[in-house]
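Novice: Take a look at this one; I'll ask things after.
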Amino acid sequence: MKLYFAWVDEREDFNPLRHALTDGEIFSFSLTEKEGAFPLVTIEIRNPYAGFLDPHQKQWCYVSCDRGKGIELLFKGKLCAVPHHLNREMIALNFTARPSHWEDQLQTLHQNLKGSPFWDSLFVEEEGHDDPMESLEARSELFFWCRKTGEVKLSNLFWGSHKVDLGEKHFYDSLKIRMGEPPLSAVNVSLSVEWIQHYRGETDLSPLIRSCFREGIVNTLTGEDLQAKWWQTNEKIGHSGYWVAKSDLKEITPNYTGDLNLYPAVSEPIWVSPEDPAYGKDKPSQPQQKRLKRSWFKANLVLGWIYRQKRREKVRFTLGHATQLSPDYDQRTRKLNLNLQNIASTDDIHTWHAKWNYSKGFRVVYGDGAYTCRRKHRSEATFEEDRHHWIATGKKPKALFSAHQGRFFSTDRGKKAIEYAIEIARAHLAASARAVEITVSGPIENFVDLTCDHSVKIKDHRLPGEEVWGKVKSLRLCMEGQSGKKWGEVILGVSIGTGEEMRNRDAPTLSHASYTYSMDYGSPDYQTDVLKGRSPSDIDYQLPQNQENQTRWIQPQALTARDLVQEMTVTNPASRQNKHLLRTQYPLSHNIEAALKHVPTTLHIRLLDLKPLGTMTEYIEVDIPYPWSSPRQIDLKASGQNEHLQIL
């Protein structure tokens with residue numbers, strides 16, 4: 001095989017007629033490829049005593065060869081270092097197949113890979129979103145740089161884009177086997193997420209208040225007192241997270257019901273002392289019967305409230321690895337602690353609501369737009385009527401997850417995160433699976449077409465099963481000037497998995513499993529249904545379904561007035577006031593107003609406690625029923641004639 005070397009410009013296309021030159025007679029040649037790295041070439045030529053790093057000097061080269069089939073391009077690269085032995089007759093030049101725009105190429109590939117199921121931004125810190133290495137976290141692949149074009153793509157750890165059966169075309173004495181570290185038998189994963197669940201609501205308590213009165217309308221003999229003590233709009237209710245969003249108590253005249261007298265305007269007749277201060281100066285000489293005014297009201301009470309609770313969810317699972325090693329062999333496992341980034345990136349923006357109190361700067365979304373409040377106000381019945389109170393700030397942001405929700409991993413977005421974590425675990429298993437390395441060398445003509453994107457089959461009666469498949473981890477093509485020897489060498493990574501598909505191919509169905517819900521100060525267990533799912537690489541898993549209304553678990557979106565009001569009682573309604581007056585009327589009392597002050601009508605409301613309860617933690621045990629297996633590229637249990645075989 002004859003080699004040619006020509007100086008070129010980077011953008012110059014290869015032409016066999018023009019570039020089959022000897023711009024320097026090649027004395028020795030070495031081409032090296034390694035997984036994930038730029039290919040390198042070192043050539044030794046006669047020293048032309050020229051300025052190789054002169055900016056006007058061509059820095060790129062084409063190395064081509066002729067195997068009797070015509071001129072073929074072997075390598076394109078750029079001078080990457082100061083030449084060795086500048087003062088000697090022979091000079092060594094080093095070239096790399098790294099193109100000038102390699103970072104742009106890698107970034108383009110990275111951005112394209114973001115659209116696949118093997119990318120999840122929740123696992124990457126914001127400053128790492130443009131790091132191409134993050135694309136590989138859940139993949140059993142590495143970057144491959146073509147030594148001829150400088151283009152980059154992904155190459156699988158086990159099977160390259162091309163397969164070559166090298167057969168026995170290697171030097172007999174060159175076969176070496178190295179047993180590396182045993183593969184991982186399992187990866188134990190803990191996946192955590194934290195967020196603050198918060199929800200802002202308004203709830204009308206008016207119907208409940210009316211239901212507390214037998215007549216269905218608020219009424220009393222102490223109307224002025226009830227009005228004076230009634231809640232005021234915007235009044236804060238302690239530090240409970242509640243406030244009065246809207247309130248009024250308007251006196252009304254109920255419908256006349258004739259003889260039924262359902263809504264009497266006055267009290268029962270009572271005897272009043274002639275000395276009662278209510279008469280003023282016009283005191284009668286004798287006790288008289290009198291009826292007091294009975295006030296009727298239309299009550300309106302709307303509570304606003306905010307629920308805030310710190311949540312934490314932890315998913316735990318183990319992904320096993322089916323290999324050919326005996327269970328008695330040293331078992332190696334790995335623990336991965338994964339933490340999701342901010343899952344609620346738009347948790348400070350809310351949906352616009354009618355008849356709500358808004359403060360300046362409050363952010364809402366309506367339709368496809370986002371808006372900021374101009375001034376403090378109570379919103380109108382429609383957004384169109386309320387529009388002049390808002391400043392448009394752009395399009396509605398895309399929330400990864402609504403912070404209103406109390407669970408994450410039971411949502412579609414959460415399931416996607418679990419599946420990505422499974423793929424990360426699989427990638428760790430895959431990276432450890434090539435526990436056998438096989439090295440062979442042979443005539444250069446048999447190796448010149450190989451790259452690190454090739455899988456190679458080797459046949460040799462000394463190998464277990466007499467044949468092995470492996471992925472090229474390293475390649476060398478060499479030519480020695482003094483001896484004239486030309487040879488190639490490959491190091492193959494060989495997977496020792498079972499290669500068996502140990503999974504159920506049925507569609508996802510419901511079955512039963514347990515998961516644990518606990519708080520920092522308690523750990524009650526519950527039983528719930530689980531949903532079967534499948535990761536992008538077809539790994540089956542079982543995930544507990546969402547179970548609502550756990551003990552001490554609040555779903556704020558579903559809260560009604562009856563949920564918020566734990567107790568509502570009316571003390572001293574008009575009927576009881578009437579009885580009290582009849583018991584204390586003249587001659588027992590000489591001041592009817594003073595008697596009523598002892599039995600004012602009051603409304604007592606006890607509300608649901610919305611204060612945070614520490615960190616509420618939920619542990620979800622995800623079951624992966626079948627181990628994953630890497631390919632079976634060698635049969636370790638098969639026999640082979642191992643005489644004269646170097647096992648390292």
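Novice: Tally up the residues in the range 574-611 that are of a type in the set (V, I, T) and closer than 13 Å to K290 by Cβ, please.
Specialist: Summing the residues that are of a type in the set (V, I, T) and closer than 13 Å to K290 by Cβ in the range 574-611 gives 1.
Novice: Next question. Under the condition of being surrounded by 18 or more Cβ atoms within 10 Å (Cβ to Cβ) and among the small types (G, A, S), which residue from the range 460-493 is nearest to A430 (Cα to Cα)?
Specialist: Per the stated criteria, the residue is G493.
Novice: From (1) open to solvent by 40 Å² or more (accessible area, probe 1.4 Å); (2) over 25 Å from Q197 (Cβ atoms), pick out the condition that doesn't hold for Q557.
Specialist: For Q557, the exception is condition (2).
Novice: Related question: Pairs, please: C-beta under 7 Å, at least 6 apart or cross-chain, first residue more than 16 Å from T32 (Cα to Cα) and of a type in the set (K, R) and in the range 439-468, second open to solvent by less than 40 Å² (accessible area, probe 1.4 Å) and part of a loop (DSSP other than H, G, I, E, B)?
Specialist: What qualifies is R462/L175; R462/G640; R462/L645.
Novice: P16 passes all but one of (1) under 51 Å from the mean Cα position of the chain (by Cα); (2) of a type outside the set (S, T, Y); (3) modelled with pLDDT of 85 or more; (4) open to solvent by 50 Å² or more (accessible area, probe 1.4 Å); which number fails?
Specialist: Among (1) under 51 Å from the mean Cα position of the chain (by Cα); (2) of a type outside the set (S, T, Y); (3) modelled with pLDDT of 85 or more; (4) open to solvent by 50 Å² or more (accessible area, probe 1.4 Å), the lone unmet condition for P16 is (1).
Novice: Does at least one position in the range 388-409 carry a residue that is open to solvent by less than 70 Å² (accessible area, probe 1.4 Å) and closer than 30 Å to S629 by Cβ?
Specialist: Within the range 388-409, the first condition is being open to solvent by less than 70 Å² (accessible area, probe 1.4 Å), and the residues that meet it are 389-390, 392, 394, 397, 399-409.
Still in the running and closer than 30 Å to S629 by Cβ: 409.
Yes, because at least one residue in the range 388-409 is open to solvent by less than 70 Å² (accessible area, probe 1.4 Å) and closer than 30 Å to S629 by Cβ.
Novice: Can I ask one more? Mind checking which residues of the range 266-277 are touching a strand residue (DSSP E or B) at 6+ places or on another chain (Cβ under 7 Å) and open to solvent by less than 100 Å² (accessible area, probe 1.4 Å)?
Specialist: Pass one, the range 266-277, residues touching a strand residue (DSSP E or B) at 6+ places or on another chain (Cβ under 7 Å): 266, 269-272.
Residues satisfying the conditions are V266, P269, I270, V272.
Novice: Further question: Taking the range 117-138 as the region of interest, how many residues are open to solvent by 30 Å² or more (accessible area, probe 1.4 Å) and either in contact (Cβ under 8 Å) with a residue 24 or more places away in the chain or outside any loop (DSSP other than H, G, I, E, B) (or both)?
Specialist: Looking only at that region, the number is 9.
Novice: Can you tell me which residues in the range 549-608 are of a type in the set (A, V, I, L, M, F, W, C) and under 30 Å from A278 (Cα atoms)?
Specialist: V570, A574, L581, L582, L588, I592, A594, A595, L596, V599, L603
Novice: Applying the selection to the range 147-179, what residues are open to solvent by less than 50 Å² (accessible area, probe 1.4 Å), in a loop (DSSP other than H, G, I, E, B), in contact with a Lys or Arg (Cβ under 8 Å, 6 or more places away or on another chain) and not aliphatic (A, V, I, L, M)? Don't jump to the end; show me each part of the working.
Specialist: Taking the range 147-179 and keeping what is open to solvent by less than 50 Å² (accessible area, probe 1.4 Å), we get 147, 150, 152, 154-158, 160, 164, 166-167, 170, 174-175, 177.
Those still in the list that are in a loop (DSSP other than H, G, I, E, B) too: 147, 150, 157-158, 160, 170, 175.
Next, only the ones that are in contact with a Lys or Arg (Cβ under 8 Å, 6 or more places away or on another chain) stay: 147, 150, 157-158, 160, 175.
R147, G150, F158, G160, listed by residue number.
Novice: Determine which member of the set T333, T323 is open to solvent by 70 Å² or more (accessible area, probe 1.4 Å), in contact with a strand residue (DSSP E or B) (Cβ under 8 Å, 6 or more places away or on another chain), in contact (Cβ under 8 Å) with a residue 40 or more places away in the chain and closer than 30 Å to S629 by Cα. Please lay out each step first, then the result.
Specialist: Numbers: T323 fails: open to solvent by 70 Å² or more (accessible area, probe 1.4 Å).
Exactly one residue qualifies, and that residue is T333.
Novice: Turning to a different aspect of this structure: Determine which single condition Q289 fails, assuming it passes every other condition in (1) surrounded by 14 or more Cβ atoms within 10 Å (Cβ to Cβ); (2) touching a Phe, Trp or Tyr at 6+ places or on another chain (Cβ under 9 Å); (3) assigned to a strand (DSSP E or B).
Specialist: So Q289 meets the others, but not (1).
Novice: Among the numbered conditions (1) modelled with pLDDT under 95; (2) of a type outside the set (D, E); (3) surrounded by fewer than 16 Cβ atoms within 10 Å (Cβ to Cβ), tell me where R200 comes up short.
Specialist: The number of the failed condition is (3).
Novice: Another question about this same structure. Kindly provide the set of residues from the range 322-375 that are of a type in the set (D, E, K, R), part of a loop (DSSP other than H, G, I, E, B) and within 30 Å of A638 (Cα to Cα), ordered by number.
Specialist: Result: D328, D330.
Novice: Only one of R88, R46 is open to solvent by 30 Å² or more (accessible area, probe 1.4 Å), touching a Gly at 6+ places or on another chain (Cβ under 7 Å), more than 17 Å from V8 (Cα to Cα) and at pLDDT below 85; which?
Specialist: R46
For (1) among the charged types (D, E, K, R); (2) at pLDDT 90 or above; (3) at negative phi, each residue gets a yes or a no:
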{"residue": "A299", "(1), (2), (3)": "no, yes, yes"}
{"residue": "N342", "(1), (2), (3)": "no, no, yes"}
{"residue": "T346", "(1), (2), (3)": "no, no, yes"}
{"residue": "H353", "(1), (2), (3)": "no, no, yes"}
{"residue": "N357", "(1), (2), (3)": "no, no, yes"}
{"residue": "F383", "(1), (2), (3)": "no, yes, yes"}
{"residue": "G394", "(1), (2), (3)": "no, no, no"}
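The values are calculated or read from the model by the stated rules, or taken from the named source; none is laboratory data. Not measured: the values here are computed from a predicted model. All Cβ positions, glycine included, derive from the backbone under ideal geometry; neighbour counts span all protein chains shown. These area figures cover heavy atoms from the full protein model, side chains too; ligands, DNA and RNA do not enter into them. Shrake-Rupley method; radii C 1.70, N 1.55, O 1.52, S 1.80 Å.
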